[in-house]
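For reference, the structure discussed in these notes is given below.
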Amino acid sequence: MKPSFCASDTDLRDRLAGARRVAVVGVGDEDSPVDRLGMVAARELARSAIPGIRVFFAGTVPESMTGPLREFHPDHVLFLDAADMGNPPGTVAVIDPERISAGHVSTHALPLSAVMEFIAGDTGAKVTLVGIQPGLGEGGMSCEGEEILGRNIGELEGILRNVCG
């Protein structure tokens, strides 16, 4: 069975419906095998050069993106970040706002939920968090987890292409 999104891709498609300008924000600590996955996924999506998509690299300070996001005028902001959801490593899932603090792996100065709420109010854009399940061992993700993640990033790319491209 092909690994897929935990939340259906239909859920993400529904959330992105009507969006023509989507900001994808990679979040995470590049030096941490557990926390860098949002940045890894954002980098992969940036290589895809999908029309209507602009990728931002927030690192550990997602609040630093408020000005650039405001200037871009997105219809939707999609945050990508590592999140411990209790799933197999490499799993990608939409995380509902009320669940963010419960299982989120965070190295950020401000809670991501607060940043997301501010950006939604400031830009008028819809905001969604896509969590990526890290490998929680010392070495980070296994080869199998990396393979699952690669397929799921490809699936995410396909969704963005279909919605905005």
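Laboratory data are not the source of any read-out in this text; all were calculated from the coordinates shown. What you are looking at is a predicted structure, and each value in this text was computed from that prediction instead of being measured. Don't worry about glycine lacking a Cβ; one is built from the backbone with ideal geometry, like all the others, and counts go over all protein chains shown.
The table below lists the values:
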{"read-out": "Computed label-point distance, nm, for sites residue 61 and residue 147 using a 7 Å Cα→Cβ extension", "value": "4.0 nm"}
{"read-out": "Sorted by Cβ density within 10 Å, fewest first, the residues 72, 79", "value": "72, 79"}
{"read-out": "Ranking of 163, 25, 77 by count of other Cβ atoms within 10 Å, fewest first", "value": "163, 77, 25"}
